[in-house]
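Only one structure is covered here, and it is reproduced in the block below.
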Amino acid sequence: MPGQPERPMPQHQRTLLVGGATVTVRTSNRTTLGLDVTKAGDIVVRGPHHTTDAEAAALVERRRRWIYRQLNHLAEISPHAPVRHLADGEQFTLLGRRYRFRIVPDDALTAPVTRQEVPDSGTAVLMRRTSP
């Protein structure tokens, strides 16, 4: 009705494994099945609430070649982070801040270690802040 705020459609989400790939199945008030490969490389099947896992898996199997083409295209256009080899005294940026890389023997360090998580990589860098 005009003047009333729209109510969001109910949506449900689950994941399943199809041929070694993790597939997200999102159901809502839609009437057809759809398939998407996100920029992050996630495979998403969208469908009506009554969509079964077997229907979602069958769609993924039918469209497997298209999915591979999409994933290859994403790999080709994604920015590549260059690997840097740091030498003592070299400056680098980490999490938006500039640091100077120093190699020092372990016994010379007394400052506590801080852990800096690297976003979206699952890795961390251990750092000590020392005065210059």
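Nothing in this text is a laboratory measurement; each read-out follows from the coordinates by a stated rule. Treat the numbers as computed from the prediction; the structure is a model and nothing was measured. When we count neighbours, we look across all protein chains shown, and the Cβ atoms used for this are built from the backbone with ideal geometry, even at glycine.
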Summed over the other residues with a beta carbon less than 12 angstrom from that of V45, with K and R at +1 and D and E at -1, the charge totals +1
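Fewest first, what order do I43, I103 take by the number of other Cβ atoms within 10 Å?
On the way: I43 21, I103 8.
Going from sparsest to densest Cβ surroundings: I103, I43.
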Shape call for the range 12-77, from the Cα gyration tensor axes a ≥ b ≥ c (a/c under 1.5 means rounded, otherwise prolate when a/b beats b/c, else oblate), comes out prolate
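Quick one: work out the % antiparallel among DSSP beta bridges in the range 12-77, nearest 5.
The antiparallel proportion sits near 65 percent.
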